[in-house]
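*Asks:* My questions will all concern the structure given below.
The values are calculated or read from the model by the stated rules, or taken from the named source; none is laboratory data. If you're wondering where the values come from, they're calculated on a predicted model, not measured in any experiment. Note that we place each Cβ from the backbone using ideal geometry, even for glycine, and neighbour counts take in every protein chain shown. Surface accessibility is based on the protein's heavy atoms, side chains included, excluding ligands, DNA and RNA. Shrake-Rupley method; radii C 1.70, N 1.55, O 1.52, S 1.80 Å.
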Amino acid sequence: MILKGLKRNAIKKSIDTHLKRRDSSSQDISTLTTLAILVDASYSINIQSIIKLANELGVARENLKIIGYKEDKDIEDDKDVIFYNDKSFAVNGSIKNGVLQDFIRKDYDVLINFYEEGKLELNYVAIASKAKLKIGFAEVDNRINDLIIGDTTNDTNLFISELKKYLKILQII
């Protein structure tokens, strides 16, 4: 129990450090070719809707990466999603999971933070990601995302249309 508290405090400090170092200047995205989606897999998610979203945005399936956080102790990846949990983090807050480290280091054009509840493990991956443009929801810490979309997680079609509208305005798609 003490170790879990130490780990959570270390993750909070890491998030604060990333937020302080965050470069708020926009990075140039000429076209959307790579897309990453971070989901809270503790709730049921419709992976096919996420793949549909990537298709609607013109992203090829091989350029789409979906990663999900599960609070469950036992996690198994499937062909479309890679999962991580509390065990992916060391006591000092660093990431021990190689796949999660690769996800954070990769320079995606857009990262969609598709979660409404600001859990530390989700926020850490979102803020530490090297994505050029981060998109999320208003319920989550607004310092993490460059573009915030209102509460549309329950209506996938509305979310897709809003996202496409804003990406067209930004001349990304």
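*Asks:* Can you pull out every residue in region 119-142 that is assigned to a helix (DSSP H, G or I) and not hydroxyl-bearing (Ser, Thr, Tyr)? It would help to see each step written out before you state the result.
*Replies:* Start the filter on region 119-142 by keeping residues that are assigned to a helix (DSSP H, G or I), which leaves 120-128.
Result: LEU120, GLU121, LEU122, ASN123, VAL125, ALA126, ILE127, ALA128.
*Asks:* Continuing with the same structure: Across region 51-62, what is the number of residues that are under 14 Å from VAL110 (Cα atoms) and under 16 Å from the mean Cα position of the chain (by Cα)?
*Replies:* 2
*Asks:* Among the numbered criteria (1) open to solvent by less than 10 Å² (accessible area, probe 1.4 Å); (2) in contact with a Lys or Arg (Cβ under 9 Å, 6 or more places away or on another chain); (3) in contact (Cβ under 8 Å) with a residue 24 or more places away in the chain; (4) over 18 Å from ILE11 (Cβ atoms), which single criterion is violated by PHE103?
*Replies:* (4)
*Asks:* Please verify whether GLN48 is open to solvent by less than 80 Å² (accessible area, probe 1.4 Å) and either part of a loop (DSSP other than H, G, I, E, B) or polar (S, T, N, Q) (or both), treating the condition exactly as stated.
*Replies:* Working: open to solvent by less than 80 Å² (accessible area, probe 1.4 Å): no; either part of a loop (DSSP other than H, G, I, E, B) or polar (S, T, N, Q) (or both): yes.
So GLN48 does not fit the description; no.
*Asks:* Another question, if that's okay. Within the group ALA90, ALA138, which residue is in contact (Cβ under 8 Å) with a residue 24 or more places away in the chain, under 29 Å from ALA10 (Cβ atoms) and either loosely packed, with under 14 Cβ neighbours inside 10 Å or of a type in the set (A, V, I, L, M) (or both)?
*Replies:* Values: ALA138 fails: in contact (Cβ under 8 Å) with a residue 24 or more places away in the chain.
One residue alone meets the criteria, ALA90.
*Asks:* Let me ask you something else. Count, please, the residues in region 1-17 that happen to be out of contact with any strand residue (DSSP E or B) (no Cβ under 8 Å at 6 or more places or on another chain), within 23 Å of ASP146 (Cβ to Cβ) and open to solvent by less than 40 Å² (accessible area, probe 1.4 Å).
*Replies:* 2
*Asks:* Follow-up question, since we're still on this one. Restricting the search to region 71-109, which residues are touching a Gly at 6+ places or on another chain (Cβ under 6 Å) and either basic (Lys, Arg) or part of a loop (DSSP other than H, G, I, E, B) (or both)? If you could, list the steps in order and put the result at the bottom.
*Replies:* So the first thing to find is which residues in region 71-109 are touching a Gly at 6+ places or on another chain (Cβ under 6 Å), and the list is 81, 83.
VAL81, the sole residue that qualifies.
For every residue, the table says whether it meets (1) free of Cβ contacts under 8 Å to residues at least 40 places away in the same chain; (2) closer than 19 Å to ALA60 by Cα; (3) not in a helix (DSSP H, G or I).
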position: LEU111; (1), (2), (3): no, yes, yes
position: GLU117; (1), (2), (3): no, no, yes
position: ILE144; (1), (2), (3): no, no, yes
position: ILE148; (1), (2), (3): yes, no, yes
position: ILE172; (1), (2), (3): no, yes, yes
